[in-house]
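Chemist: This is the structure I have questions about; it appears just below.
The values are calculated or read from the model by the stated rules, or taken from the named source; none is laboratory data. These numbers were taken from a predicted model, which means no experiment stands behind them. Every residue, glycine among them, receives a Cβ derived from its backbone with ideal geometry; neighbour counts consider all protein chains shown.
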Amino acid sequence: MPKVFNWQLNREMEYPYEESRPDKQFAAVFNINRCIGCQTCSMADKNTWTFSKGQEYMWWNNVETKPYGGYPQHWDVKLLQMLGPGQWGNGSYHGKTIFEAPIPDDEAVLQPERVLGYLPTDEEYRFPNIYEDTPTGDWTKTTELPEHKLWMFYLQRICNHCTYPGCLAACPRKAIYKREEDGVVLVDQKRCRGYRKCVQACPYKKAMYRANSKVTEKCVACYPRLEKGVAPRCVVACVGKIRLQGWLHTQEKAEPDNPMDYLVHVAKVALPLYPQFGTEPNVYYIPPRWAPRPFLRQLFGPGVDEAIKKYTDPDETLFGLLRLFGTTESIIRRFLVEKQEATGYNEDGDEIIKMPFDEPMYIRPAYDPQFQIERFNEP
């Protein structure tokens, strides 16, 4: 099996195909701290893409309440138990990924699974909102920072459009591929035969089998919108303005004025979900600052403490960029923060949004009935 470099693990790992990265990779950052769990993103996605017969349980976007919620149920707990122990140290992950765990120590074992995974049962797909708003902890304690004793948080999930997708690695038909221009992971449904190896192998369970058509479907990152410079539906529809989508480069080619590069590589305030799986996911999260740190480190890796510290006390550049979340449908390719103002630019370099740090307050004059009558009678 070829060796590829996974920058999130800071080491080489096994993967069935050679390393291949687009010049710009689809990526998104979700700020968990702002999410109110309204599910507007889920419904926007559902109404746009998955409303037809056979897609009742296909929630390409879902928001689940941690620590108990999950869609399908227990998707991460089950895989973590299968994967076994692993630890971070000296800036690297020491443990097996989902691509390395299935490799047998005994060479006599023929045709092992390419990717460690499991097929969820039908029952595990029944309740997309199970344990919603269910906290854990000590009910007798007050909720104060830095860590609440009684806590929960909302985790927003879509396909991660991974650099090393488990679904792509496992497909015997090579029906799943990454677009060369932007790294979006898609399914060629003419090649798909519904073997569900992708469903089994995706550690995030975002490859979904459609029973009536007998093929796999998944989040397509709203690529028709991307091609027009417009962000995906879940990003644009978000009420809490927690989402920002853009293009990510490698650490070596990171551009400080690119929103994704700044959040992920420069400020390092946005972290991947379960990087220890080894897929190098391209959806990143700003961790919730009130949740227990050990739980967050399991989800997002060892950068949690520093990310929360920077988010809690942001410098001017980070504060300005956070102001741009959810302010425009257009994809912000470049940003500039100066004079207490954040400005976003599109791919062509045109200014598309400007956000002051402090928005002006306008106070209406006191109600004057005579003024209203005179105004109404104006020609």
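Chemist: For Cys222, only one of the following conditions fails: (1) more than 26 Å from Ile352 (Cα to Cα); (2) touching a Ser or Thr at 6+ places or on another chain (Cβ under 9 Å). What is its number?
Modeler: Among (1) more than 26 Å from Ile352 (Cα to Cα); (2) touching a Ser or Thr at 6+ places or on another chain (Cβ under 9 Å), the lone unmet condition for Cys222 is (1).
Chemist: Among what's in the range 146-169 and is more than 29 Å from Gln245 (Cα to Cα) and not charged (D, E, K, R), pick the residue that is surrounded by the most Cβ atoms within 10 Å (Cβ to Cβ).
Modeler: Looking at residues that are more than 29 Å from Gln245 (Cα to Cα) and not charged (D, E, K, R), I get His148.
Chemist: Take the residues in the range 210-252 that are of a type in the set (D, E, K, R) and in a loop (DSSP other than H, G, I, E, B), then tell me which one is farthest from Glu329 (Cα to Cα). Break it down into steps so the answer makes sense when it comes.
Modeler: Our first condition is that a residue be of a type in the set (D, E, K, R); within the range 210-252, this holds for 210, 214, 217-218, 225, 227-228, 233, 241, 243, 252.
From the residues that got through so far, the ones that are in a loop (DSSP other than H, G, I, E, B) too are 214, 227-228, 241.
Details: Lys214: 34, Glu227: 13, Lys228: 11, Lys241: 11 Å.
Within the range 210-252, the match that is farthest from Glu329 (Cα to Cα) is Lys214.
Chemist: Could you list, in sequence order, all residues of the range 170-190 that are surrounded by fewer than 24 Cβ atoms within 10 Å (Cβ to Cβ), among the hydrophobic types (A, V, I, L, M, F, W, C) and farther than 14 Å from Val215 by Cα?
Modeler: Our first condition is that a residue be surrounded by fewer than 24 Cβ atoms within 10 Å (Cβ to Cβ); within the range 170-190, this holds for 172-175, 177-184, 186-190.
With among the hydrophobic types (A, V, I, L, M, F, W, C) added as a condition, the list becomes 175, 184, 186-187.
Selection gives Val184 alone.
Chemist: Still on this structure: What number of residues within the range 1-39 satisfy the criterion of being surrounded by fewer than 20 Cβ atoms within 10 Å (Cβ to Cβ), among the aromatic types (Phe, Trp, Tyr) and more than 20 Å from the chain's Cα centre (by Cα)?
Modeler: Summing the residues that are surrounded by fewer than 20 Cβ atoms within 10 Å (Cβ to Cβ), among the aromatic types (Phe, Trp, Tyr) and more than 20 Å from the chain's Cα centre (by Cα) in the range 1-39 gives 2.
Chemist: For the range 46-72: of the residues being among the charged types (D, E, K, R) and modelled with pLDDT of 95 or more, which is nearest to Pro288 (Cα to Cα)?
Modeler: Lys66
Chemist: Among residues belonging to the range 276-295 that are surrounded by 24 or more Cβ atoms within 10 Å (Cβ to Cβ) and out of contact with any strand residue (DSSP E or B) (no Cβ under 7 Å at 6 or more places or on another chain), point out the one that is nearest to Tyr68 (Cα to Cα).
Modeler: Phe277
Chemist: Continuing with this model, one more query. Are there any pairs, at least 6 apart or on different chains, whose C-beta atoms fall under 6 Å, with the first in the range 343-354 and part of a strand (DSSP E or B) and the second hydrophobic (A, V, I, L, M, F, W, C) and surrounded by 13 or more Cβ atoms within 10 Å (Cβ to Cβ), and if so, which?
Modeler: Thr343/Leu336; Gly344/Leu324; Gly344/Ile332; Gly344/Phe335; Gly344/Ile352; Gly344/Ile353
Chemist: What number of residues in the range 304-328 are buried (at least 19 other Cβ atoms within 10 Å of the Cβ) and over 20 Å from Gly246 (Cβ atoms)?
Modeler: Qualifying residue count, the range 304-328: 2.
Chemist: For the range 51-75, which positions are hydroxyl-bearing (Ser, Thr, Tyr), surrounded by fewer than 21 Cβ atoms within 10 Å (Cβ to Cβ) and in contact with a Phe, Trp or Tyr (Cβ under 9 Å, 6 or more places away or on another chain)?
Modeler: Tyr57, Thr65, Tyr68
Chemist: At pLDDT 95 or above, among the basic types (Lys, Arg), out of contact with any Phe, Trp or Tyr (no Cβ under 6 Å at 6 or more places or on another chain) and in a loop (DSSP other than H, G, I, E, B): is that true of Arg364 in this structure?
Modeler: So Arg364 does not fit the description; no.
Chemist: Does Arg114 qualify as being in contact with a Cys (Cβ under 8 Å, 6 or more places away or on another chain) and part of a loop (DSSP other than H, G, I, E, B)?
Modeler: Values: in contact with a Cys (Cβ under 8 Å, 6 or more places away or on another chain): no; part of a loop (DSSP other than H, G, I, E, B): yes.
Answer is no for this residue.
Chemist: Right, next: For the range 322-342, which positions are assigned to a strand (DSSP E or B), in contact with a strand residue (DSSP E or B) (Cβ under 6 Å, 6 or more places away or on another chain) and not polar (S, T, N, Q)?
Modeler: Our first condition is that a residue be assigned to a strand (DSSP E or B); within the range 322-342, this holds for 330, 334-338, 341-342.
Within this subset, residues satisfying the condition of being in contact with a strand residue (DSSP E or B) (Cβ under 6 Å, 6 or more places away or on another chain) are 330, 334-336, 341-342.
Once the filter is applied, which keeps residues that are assigned to a strand (DSSP E or B), in contact with a strand residue (DSSP E or B) (Cβ under 6 Å, 6 or more places away or on another chain) and not polar (S, T, N, Q), the range 322-342 yields Arg334, Phe335, Leu336, Glu341, Ala342.
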